[in-house]
1. Given the conditions (1) away from the ligand (no atom under 16 Å from the Cβ); (2) surrounded by fewer than 16 Cβ atoms within 10 Å (Cβ to Cβ); (3) charged (D, E, K, R), and given that ASP51 satisfies all but one, which numbered condition is not satisfied?
2. Just to verify a result, which residue in segment 90-118, among those that are among the charged types (D, E, K, R) and not in a loop (DSSP other than H, G, I, E, B), is surrounded by the most Cβ atoms within 10 Å (Cβ to Cβ)?
3. Restricting segment 220-243 to residues that are within 15 Å of the chain's Cα centre (by Cα) and within 16 Å of the ligand (Cβ to nearest atom), which is farthest from PRO61 (Cα to Cα)?
4. Any idea which of LYS31, LYS82, LYS2 is at pLDDT 95 or above, of a type outside the set (Gly, Ala, Ser) and on the phi < 0 side of the Ramachandran plot?
5. Looking at segment 127-219, what helices (runs of 4 or more DSSP H) fall wholly within it and have at least 3 residues that are away from the ligand (no atom under 16 Å from the Cβ), more than 17 Å from VAL233 (Cβ to Cβ) and of a type in the set (A, V, I, L, M)?
6. Quick one: what pairs do we get from segment 175-188, first residue in contact (Cβ under 8 Å) with a residue 12 or more places away in the chain and over 11 Å from PRO204 (Cβ atoms), second surrounded by 12 or more Cβ atoms within 10 Å (Cβ to Cβ) and of a type in the set (D, E, K, R), C-beta under 6 Å, 6+ apart or different chains?
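The values are calculated or read from the model by the stated rules, or taken from the named source; none is laboratory data. Small disclaimer: the values here were computed from a predicted structure and weren't measured. Cβ: placed from backbone, ideal geometry, glycine included. Neighbour counts: every protein chain shown.
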Amino acid sequence: MKKRTFVKVSSILLAGTAVSPIIKSCDTPRKKHKSVTDSSDQPSGVFTLPDLGYDFNALEPNIDAMTMEIHHDRHHAGYVRKFNAALEGSTMTGKSLNEVMAAMGPDDTSIRNNGGGHFNHSLFWSVMSPNGGGIPSGNLADAINRTFDNFESFKEQFSKAAGTRFGSGWAWLSQGADGKLFVSSTPNQDNPMMDNVVSEVGTPLLGIDIWEHAYYLNYQNKRGDYINNFFNVINWDAVASRLA
Ligand code: MN3
């Protein structure tokens with residue numbers, strides 16, 4: 001099958017099977033973290049693969065269609081499936097995704113890896129857009145300038161965190177409980193929501209997947225180019241909407 005046909009057919013298949021769009025979280029002041037997906041509409045213990053919200057090829061040339069399709073339909077779908085299986089019969093059944101992130105311990109291996117995988121990828125799709133790029137404005141720009149002096153300095157720090165992570169993992173821009181922003185990096189599928197796992201805890205606003213499956217088809221070993229081009233697709237409005 002030709003690549004174009006393949007992508008088109010797959011998009012139709014995806015449209016038919018995706019069951020839960022990424023829903024912007026509502027503000028609940030007592031919550032420590034903002035949701036990536038609104039867990040209130042999901043049955044207890046049953047998490048679903050969110051729709052991308054754009055076509056597989058929509059982020060080209062920055063991220064290629066084949067990578068997006070495999071990443072979403074196979075990698076993320078696999079995390080969701082294994083996460084649901086791991087939750088069955090566990091004490092975390094019935095908790096929201098945010099609650100699971102906060103409650104899990106370092107030894108809850110399958111929930112940590114697959115629940116983290118579900119949380120991280122749901123956020124990742126939502127902070128990218130075919131109309132992305134540019135620089136943030138408003139409150140987010142102010143917060144970035146307060147913490148990092150200016151956007152370029154933030155970009156440098158974020159890119160360094162992503163570029164120097166050894167092996168697989170993520171780099172993050174997060175907001176701590178004190179309201180301040182910080183950049184961090186986590187291995188594997190860990191994230192700053194995991195209170196009992198990571199040292200720098202906060203609400204992730206922006207995350208970049210730096211597993212090789214996120215870029216290797218197009219960029220091979222040039223992780224730096226992938227990180228740089230990721231900035232062309234960042235949906236800063238979506239990032240800003242996650243600020244407390
Ligand atoms: Mn990934």
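1. (2)
2. Going through the qualifying residues, I end up with ARG112.
3. Result: ILE227.
4. Numbers: LYS31 fails: at pLDDT 95 or above; LYS2 fails: at pLDDT 95 or above.
Selected residue: LYS82, the only one of LYS31, LYS82, LYS2 that is at pLDDT 95 or above, of a type outside the set (Gly, Ala, Ser) and on the phi < 0 side of the Ramachandran plot.
5. Result: 138-148.
6. Listed by first residue and then by second, the contacts come to SER185/ARG165.
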